[in-house]
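Data first, discussion second: the structure below is written as structure tokens.
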Amino acid sequence: MSENRPDPEHFLKRAEQEEAEKNRRSGKLKIYLGAGPGVGKTHEMLHDGLQENTKGNDVVVGVVESHGRKEIDKILHYFEIIPKKTIQYHGKELLDFDLDAALKRKPALILIDEMAHTNAPGMTHKKRWQDIKELLDRGINVYTTLNVQHIESLSDDVSQIIHAQIRETVPDSMIEIADTLELVDIPPEELLKRLEEGKVYFPEQADLAARNFFKIGNLIALRELALRTVAEQVGTQVLLYRQGQGIKHIWATQEKILVCVGPGLESEKLIRAAKRTASNLKCEWVAVFVDTPKIKFTESQKNNAIKNLHFAEKLGAMTRILTGFDIVKEIMTFAREENVTQIMVWKHIRSRLRNLFFRDLADEIVRHSGEIDIYIMTGESIVFPENKEPTIQKYSFKNYFISILVLTLATGLNFLLFPFLSASTLITVYLLGVTIVALLGEDGPAFFNSVLSVLAYGFFFVRPYYSFAISDFQYFFTLIVMLLISFVISHLTLRVRKQAESARFAERQTDALHTLSRQLASTRGIDKILEIGEQYVGKLFDSEVIILLPKNDQLVSHSKSKKIVLNNKEQEVAKWVYELGNMAGKGTDTLSFSEALYVPLIASQNTLGVMRMIQKKQQLFTPGQIYILEACANQIALALEVDKIQEKNRKKELKLETNRVRSELLQNVSHDLHAPLAAVLGEASTLIEMNKELKHKEIKKIGEDIFYEVEQHSRLINNLLQMTYIESGSVKLDKRLTSLHELINLVIHTSIKKIDNREIHVDIDQLIPKIAIDSTLVQEIFINLIDNAIKFSPDNTQINIVAKKDNNNILISIEDEGSGIVPDEVNQLFEKYYRGRKITSERGLGLGLAICRAIVNAHGGKIWAENRPQGGASFKFTLPI
């Protein structure tokens, strides 16, 4: 089989990435990246766009700024240009990219200059890169330009270089989704020459730029950043291609260092050397430790190896713990998958005799390195000082007893089979016993059983019987082979068992993280996240878990079920872990006097809290448990960070919505308060100035108008007060037996001026008895619903009021002959401050229907609205009898 066979896991990973990319967007993005203005990004973009245009592709220019450059203006004549959108802002006209026009035009490719540009106020998106993302999501290909200083992750570095703040940035995610990142580059000296010739800015702008941004040192540094950004993306593409094609040999396109870490102090020297080399080469480096069942590491040695990995991580390395039986194979497989070009390993100085019989890791890596460079450091082995606390070595003789028992049963079975089978066949029974003992998982009992099995076979079943003397050389050879086979079977069985344990550990670790991340992903709210985190981690590690979050310069528990107050020493330990982001407490070398282990909750930006753990069995955590524990803590921290960001966004949205409602309310109130007062003032002014000329009927008419406007004003105030009282819960129903017929007649008489020339048709079932209601509040329901019917129906139309008995309720409907209700407004009509789209000039705050719903609900009824089959709307509500 070919060694270049692709790895199925890489295919699966690649397929998942491509599927996610396909679902996320369908348009392709090409970014022309430069070290600064004037390097020719726009010219290169237009030139490529012109080539696509000549191929027959539909190419348009969304927005391109020529800044007076004639060569740019000349090329633009060959393109269709989408007209810019005009925005009125503080009395000025601003021109900007018209996203809506571009979406309506929907070309195959659109050219958009200056990706980091901030849009004019009032546009669809705040930033131009958001316009580009929407175009991509809608299947339109985009070519765009970008300067390296506008990349979000590089903005701080650029600010230090140019001594100025970068205000316009583009998130790194836009760089990552780019299908092509093309570097447009010219030497700094040539760029300065272009600036002097006026090919970058106008003369007055060029002078200012030359004194600040366009300095030779700035341009060299920015050019290096641009080159490095493109190189990183190309390196990622190379790695994905190699994995997808199953290519095993190394492509030395970019240096990458792997350092082999062990439990000894020599690993610290190796890590420091790797850090220096990586800094000189300006490349990535990774530190790996292979946790293999082949080497019986003590818990102390594993802890020391984990400490070395943490040390490498502090120096900037990526760290990995590999699992497998063959250390060299695991290291070399990982190195080739990650396209590592250099491996650094420590070689122990040993005697020549020892080297003859024992493999050396450095020599084996050199033997299998192929095209990877190997850097070897030599010296004597240096081990960490062991813990001075006395330890009790536990010896278990249980498995030795089982070994003797299995041997006895195998011998007894052979005695039963001996009369019927040949002596050589009986060997298989002992081999079966050796395999069973090896499954116990310990080397000693397995080898003990192998030796005893050979001795028992030779003593009981080889002539002369019951003697260790051997009469036939053939049997001697059989016993030797049996002993070797027994050793091989026990060794392979132990090896398979340890490999299975290693695989189960990796599976358990992956399953634990997957389960926790899945639960946290579907949970929102700090209290719920903390509850899930505490319960899951506590159950997983059989520990008492408390998550502490900062509050008033103290770390306190937010759990409702687990309240704990830390003493001063424990509070100091928790505070130290929170501030430095390192694990401390029981089982560590830092603040080990504590009764608990404290694990920092490190998110993407900072430490959010501390997880306090006490194992119920008072045991120390193993290195494998520590590794899983840190991963769980990171998952909880990320969930808290996401919830914090979402809560911040929710508050921001709520604030915006509150401001919008308040603005609309103030606008409506000011209009509705002003309109009746203005009418009253006008009528009163007429009455005062023309009182001698007016006739009695005219004076009466003015008086009625004044009364009507004041009544409208009073009704507006009454609605506001009623809604306030209802929401505060201070309104108490004063229920009394009331005739529905009399109540409706009173409402019609009260609203006679509004009704004017309309006809009110009342149809009340005579069997309806008097009902216990608050007549004052129910009267408000009828007044508001009749007022609503008048607003939304033409003059000279009929309004129907129908009441009939419906089981134990009275069903009342107010029907009009208007245009009806817009279907998508049915569920919004009874919301506060909502005014239908069909009403534009009428006064009102949108409180009438909300008040009706509150009053009906207070009486235990229901209210709804629907369209009539013959046209118009019908508002119905029920009141219990």
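Laboratory data are not the source of any read-out in this text; all were calculated from the coordinates shown. Owing to the predicted nature of the structure, the values given are computational and were not obtained by experimental measurement. Positions of Cβ are backbone-derived with ideal geometry, glycine not excepted, and every protein chain shown enters the neighbour counts.
The peptide list 765-773, 648-656, put in order of mean Cβ contacts within 10 Å with the highest first, becomes 765-773, 648-656.
Between H90 and S467, the distance separating the two model label sites (each 7 Å from Cα on the Cα→Cβ line) works out to 11.6 nm.
In this simple spin-label model, placing a label point 7 Å from the Cα along the Cα-to-Cβ direction at both L455 and E866 gives a separation of 9.6 nm. Residue ranges 173-180, 777-784 sort as 777-784, 173-180 when ordered by packing (mean number of other C-beta atoms within 10 Å per residue, highest first).
Net length available on complete extension from D806 to D373 is 146.8 nm, with 0.36 nm assigned per residue and the Cα-Cα distance removed. Extension gain, E704 to E647, is 15.1 nm, computed as 0.36 nm per intervening residue step minus the present C-alpha separation.
Suppose R0 equals 25 Å. What FRET efficiency, 1/(1 + (r/R0)^6) with r the Cβ-Cβ distance, do T776 and D756 give to the nearest 0.05? E(calc), rounded to 0.05, equals 0.50.
Given a cut-off of 28 Å, name the pairs among K697/K753; K28/K193; K569/K616; K754/K804; K106/K655; K314/K539 whose C-alpha atoms lie farther apart than that in the structure shown. In this structure, K28/K193; K106/K655; K314/K539 exceed 28 Å between Cα atoms. Packing around the peptides 421-429, 143-151, 40-48, taken as the average count of other Cβ atoms within 10 Å per residue, puts them in this order, highest first: 143-151, 40-48, 421-429.
First select every other residue whose beta carbon is under 13 angstrom from the beta carbon of G871; then total the charges, Lys and Arg +1, Asp and Glu -1. Kindly include the intermediate steps, with their values, before the conclusion.
Values: positive: R868; negative: E815, D816, E817, E866.
After counting each charged neighbour, the total is -3.
Label-to-label distance for V366 and K193 is 5.2 nm, based on points extended 7 Å past Cα in the beta-carbon direction.
Which net charge results for the neighbourhood of V537, defined as the other residues with beta-carbon distances under 12 angstrom from its beta-carbon, given Lys and Arg at +1 and Asp and Glu at -1? It would help to have the intermediate numbers written out before the result.
Numbers: positive: K539, R612; negative: E531, E534, D542, E544, E630.
Result for the neighbourhood of V537: -3.
Can you give the extra length, in nm with one decimal, that the chain gains between D185 and E742 once fully stretched, where that is 0.36 nm per residue apart less the Cα-Cα distance? The partial results should precede the final answer.
Numbers: separation 557, 0.36 × 557 = 200.52 nm, distance 8.85 nm.
In short, 191.7 nm is gained.
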